[in-house]
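For reference, the structure discussed in these notes is given below.
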Amino acid sequence: MKFGLFYELQLPKPPGADTWDPDAERRIYHEMLDQVELADKLGFDYVFEVEHHFLEEYSHSSAPELMMAALSQRTKRIRLGHGIVLTPPRYNHPARVAERISALDILSGGRVEFGSGESSSDMELGGFGVERSMKKAMWEEATREVCNMMVSEPYGGFEGEFFSMPARNVVPKPVQRPHPPLWVAASRRETTMVAARLGMASLGFGFETPDELGERCEEYWRLVQEECFPIGHAINPGLAVLSTFMAAETDEEAVRRSANGPGFFAYSLGYYYSPVTGAAHQPGKVNIYDRFNALPSEQRDGRGPLVAARLMSREEIAAEEPTDEVQRALFRAARSGQAIGTTDTIAKNIKAYEDHHLDVLVLVAQCGDRKHEHIMESIERFGTEVLPEFKERHESEHRPWREKRLSAVDLPVNSSI
Amino acid sequence: MTRAEKINDPELRSRVIDAYGRMRGGDPSGAVRLLADSFIDTLRVHPELLELTTTVRGRPFPIVARWPSFGANLVFDPDAGDPPRIDFVRDRFALSEALTYFEFLVDLALDQGL
């Protein structure tokens, strides 16, 4: 199993304030640079950064290609993942996506992971005039053509349902051939299975449990082997799962430092993606962090009286879970602490993912109003005390496991896993 | 055996597998039409599916209403008493959309033991 860091660039407003400290956005951008630079030195494999627009407080990461360009010059090995680029043409013209991905691949020496998706918040869809019922079709058409642009010399032009352009040679071309590994955002099981059929890795936003992952993994690989009709020119079979993350000297201290990060992450996500609150959001006039803090403590933190004593067990979490898949993902984002605790606790918890053949565990450290120094310490602890043993087993056990499955695949593969 | 082949109901199984064949044959729009018809027929034969709910934001939410809204949209008002139907707001569908409808129907059939 490999490891990544995940960034939304969250920035809660100060309590009671109408806006942020003038230095706040500069601060979190530079903190992210420092955090990823450290992760790179310690051997983390991936960083994934979202593209979101207008989702104030929840995500201030609207130009991830610029952050990735900066990171390409401050890091040496870590893979630079778009998690994800919004590819419906009204967000980003497909030729511009192809150009930016290729340029970043050149700048980084072939370290780009090309994740794509379409988002579903009213703020973003409405802001760019993307029709909700068409967004998946737009994503597919544009993503397929971005891949074509990266391999075709010249690109022969396209007359599509959602964009058209004449023949042009879209330059530069990426270092990785035929193109960087493909990922797609998947918050539901069915999307993961669509990913398998299209030959893309699934960047799982469902906070899936190890057992769920095990079931999905088996079906995912069967589809890759037997029913794949790729969207690109090389497939990237792989499963990633997100988990909130905070490592400290004791479990109690990790929970304290984790603070309300996971709770705010889930609350603000639910706020923007709900058709009720998200559609009614008044830009620039709401303090979402104040709303979050006004919740009863057990809803805010999700752990209630267990906070002071210990982490919730998987069984305790499972007993309270909603049945609806989307609601369950939010619940888990707020409450499950698989990667929160001492490095011993974390290693024990995440071993279950390794046992179920997870490819990449993506850790969400920057969320809510967590402190930069705590995130740095977490990365340091994890990188020195947990990562090496998993890295070793990735090479000795997981890679042969993957190669065995890939041997049954008769398609070109470009994967960094 | 694929998951679609595990559907017990022979007619539903046959139509779902046929829909998959249309997708592979480059006709995702035809696949969506067949899947939508199969879904509505399933709800007609098994009206108890309309009663199944999950909880969303503290309120009961019909499981069948999770049918994706990509343009073959489910119209279902439990209070009005009208039978559920699919309204097609467009004719052309992408492969990923057809695959998502396919996965939804297969999951529903297997989860409910149909």
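The values are calculated or read from the model by the stated rules, or taken from the named source; none is laboratory data. Given the structure is predicted, the values throughout are model-derived calculations rather than measurements. Neighbour counts are summed over all protein chains in view; Cβ atoms, including those assigned to glycine, are modelled from backbone coordinates with ideal geometry. Only protein heavy atoms, including side chains, enter the accessible area calculation; ligands, DNA and RNA are left aside. Shrake-Rupley method; radii C 1.70, N 1.55, O 1.52, S 1.80 Å.
Numbers below:
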| item | result |
| --- | --- |
| Filtered residue count, region A:136-153, keeping only those that are closer than 23 Å to A:Y272 by Cβ, in contact (Cβ under 8 Å) with a residue 40 or more places away in the chain and out of contact with any Gly (no Cβ under 9 Å at 6 or more places or on another chain) | 1 |
| Region A:362-393: number of residues that are out of contact with any helix residue (DSSP H, G or I) (no Cβ under 6 Å at 6 or more places or on another chain), in a helix (DSSP H, G or I) and either over 17 Å from A:D40 (Cβ atoms) or among the aromatic types (F, W, Y) (or both) | 6 |
| Residue that is surrounded by the fewest Cβ atoms within 10 Å (Cβ to Cβ) [pool: residues in region A:209-232 that are of a type in the set (V, I, T) and under 25 Å from A:C147 (Cβ atoms)] | A:I231 |
| Test set (1) in contact with an Asp or Glu (Cβ under 7 Å, 6 or more places away or on another chain); (2) hydrophobic (A, V, I, L, M, F, W, C); (3) part of a helix (DSSP H, G or I) - B:A98 fails condition number | (1) |
| Qualifying residues in region B:97-111 (those that are among the acidic types (D, E) and within 21 Å of B:H46 (Cβ to Cβ)) - the one farthest from the other protein chains (Cβ to nearest Cβ) | B:D111 |
| Residue pairs meeting the criteria (Cβ under 7 Å; at least 6 apart or on separate chains; first facing another protein chain (nearest Cβ under 8 Å), in region B:76-96; second among the hydroxyl-bearing types (S, T, Y) and not in a loop (DSSP other than H, G, I, E, B)) | B:V89/A:S133; B:R92/B:S29; B:F93/B:S29 |
| Region B:61-75, residues that are of a type outside the set (A, V, I, L, M), more than 10 Å from chain A (Cβ to nearest Cβ) and within 13 Å of B:L35 (Cβ to Cβ) | B:W67 |
| Qualifying residues in region A:137-174 (those that are surrounded by 17 or more Cβ atoms within 10 Å (Cβ to Cβ) and in a loop (DSSP other than H, G, I, E, B)) - the one farthest from the other protein chains (Cβ to nearest Cβ) | A:K173 |
| Residues of region B:1-56 classified as in a helix (DSSP H, G or I), without any contact (Cβ under 8 Å) to a residue 40 or more places away in the chain and within 11 Å of chain A (Cβ to nearest Cβ), total | 1 |
| Residue in region A:105-126 that is open to solvent by less than 20 Å² (accessible area, probe 1.4 Å), within 14 Å of chain B (Cβ to nearest Cβ) and touching a His at 6+ places or on another chain (Cβ under 8 Å) present | yes |
| Residue in region A:181-188 that is of a type in the set (S, T, N, Q), open to solvent by 10 Å² or more (accessible area, probe 1.4 Å) and over 30 Å from A:S108 (Cα atoms) present | no |
| Top-ranked residue in region A:182-232 [being closer than 20 Å to A:T143 by Cα and of a type in the set (S, T, N, Q); ranked as nearest to the other protein chains (Cβ to nearest Cβ)] | A:T191 |
| Region A:56-77: number of residues that are in contact with a Gly (Cβ under 9 Å, 6 or more places away or on another chain) and assigned to a loop (DSSP other than H, G, I, E, B) | 3 |
| Options A:A186, A:A167, A:A142: the member that is modelled with pLDDT under 95 and of a type in the set (G, A, S) | A:A186 |
| Count - residues of region B:58-84 that are exposed (fewer than 13 other Cβ atoms within 10 Å of the Cβ) and either assigned to a strand (DSSP E or B) or at pLDDT 95 or above (or both) | 3 |
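Residue by residue, here is whether (1) open to solvent by less than 60 Å² (accessible area, probe 1.4 Å); (2) within 16 Å of the chain's Cα centre (by Cα); (3) modelled with pLDDT of 95 or more holds:
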| position | (1), (2), (3) |
| --- | --- |
| A:P22 | no, no, yes |
| A:K41 | no, no, yes |
| A:S59 | yes, yes, yes |
| A:L71 | yes, no, yes |
